[in-house]
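Where a number appears in this text, it was derived from the coordinates with a stated rule and is not lab data. Nothing here was measured: the structure is a model prediction, and the numbers come from that model. Using ideal geometry, Cβ is built from the backbone for each residue, glycine included, and neighbour counts are taken over all protein chains shown.
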Amino acid sequence: MNGRERIRTALSLDQPDAVPTYVHAMNVPSILQIGRLFTDGLPEGKALHELSQVELLKVADTLMLIHEELDIDGITAVPLEHEHDLGGDRFRNEWGVVKERSPHGLPVPVGHPIGSPQDLASWQRPSPDPQRSALVARLMAMRFRDTKGLFFMVRGVFTNSWYLRGMHHLLVDFIRRPDFVDAITRQVTDYCLELIDLAADVGAHVAIIDDDMADKNNPMFSPRHYRSLIKPRHVELVDHAHARGLQIALHSDGNLWPLLEDLVDAGFDGLNPLEPQAGMDLAGVKAAWGDRICLIGNIDCGELLCHGTTAQVEEAVAQAIEDAAPGGGYILCDSNSIHPGVDPDNFITMMRAARRFGAYAQEQRS
């Protein structure tokens, strides 16, 4: 099997020839840090917004090279957004959301354009730019030609809604003005549906909905509010992705146990990243829901991949495979992202250990 076949098989809850491997996200400093182990001529000390077009293409090429060198089965294409520079570290995107870049260049929302229902009525929802939004996906599709599972990242319903409204205000609206929330999520969902169409058009295999809904202790809202305000929109995305021939996974950090039954019921094919520090015990999730949803992740990127020994990383990979791989329906991945704190040697060890421990016996597959 090739990477695409392994990913799609696992997401179908079947057993491939080996446990598939995947990286959900890797930002520019991490790509450069790891990429220097495999290639030369990379830009020094630059974040995404500081790259020229030539440098951007070199970074994208390096990300793909890392996946080739380490035989990683799944790769994520991130849509690029338009940015209007506001000076300093701030910019405004096409949604009207003002973002400020962290020291690593990661954009954090700090200004929210929807202050009232009147603002929403006059706000013009953008549509994805087919060229810019799909640039990275097209490069990956041409490079790998269906040999790797191509995930297309779609910023999710809850996430984009709080970007527009502000987290505190949106959560208060969940209780006081659910109709206002419904109007906001309608606009966001329509955008997500367009992105799913774009993903299908460029040859992606999986839409991954990036929709963080929990911290390490609890979801940010009650299961009742998820069922009434977010779940119907998630079901729309799931149904549309399936109609376009895509599989679909949800990415949400944090403790999702109170929402798991509803997330499974919404129809997602996969769930990522199963954060161990948030109580997402891999064996427990496998026992409870592993026959209904593919599990993606769980290798600790907060402490283990940053500060652990290679032996500890190998042990964690072997344990994850033992806990979640039997019968299929498991994709090995980190527990959030490959960020600048991750030790490149530990990242490489994780991927190579997955190949070492992840082969299914032939008689199990027949």
With n ≥ 4 as the cut-off for DSSP H runs, can you work out [θ] at 222 nm for the chain, using -39500 (n - 2.57) per run divided by the number of residues, rounded to the nearest 500? -13000 deg cm²/dmol
Counting other Cβ atoms within 10 Å, which GluC sites (Glu not before Pro) in the stretch 280-366 have at most 14 and lie in a DSSP loop? GLU303
Name the residue, out of PRO273, PRO103, PRO16, whose mean-square fluctuation peaks in a Gaussian network model built on the chain with Cα pairs under 10 Å. PRO103
Ranking request for peptides 235-247, 167-179: highest mean number of other beta-carbon atoms within 10 Å first, then the rest in descending order. 235-247, 167-179
Using 0.36 nm per residue, how much length does the chain from HIS242 to ASP345 gain when fully extended, once their Cα-Cα distance is taken away? 33.3 nm
May I ask you to compute the full-extension gain from ASP40 to ASP201, defined as 0.36 nm times their residue separation minus their alpha-carbon distance, rounded to one decimal in nm? 54.6 nm
Give the lysines reachable from LYS148 as a straight Cα distance under 22 Å; neighbours fewer than 8 places away on the same chain don't count. LYS58
Give me the distance between the Cα centres of the stretch 224-282 and the stretch 69-123, rounded to whole Å. 23
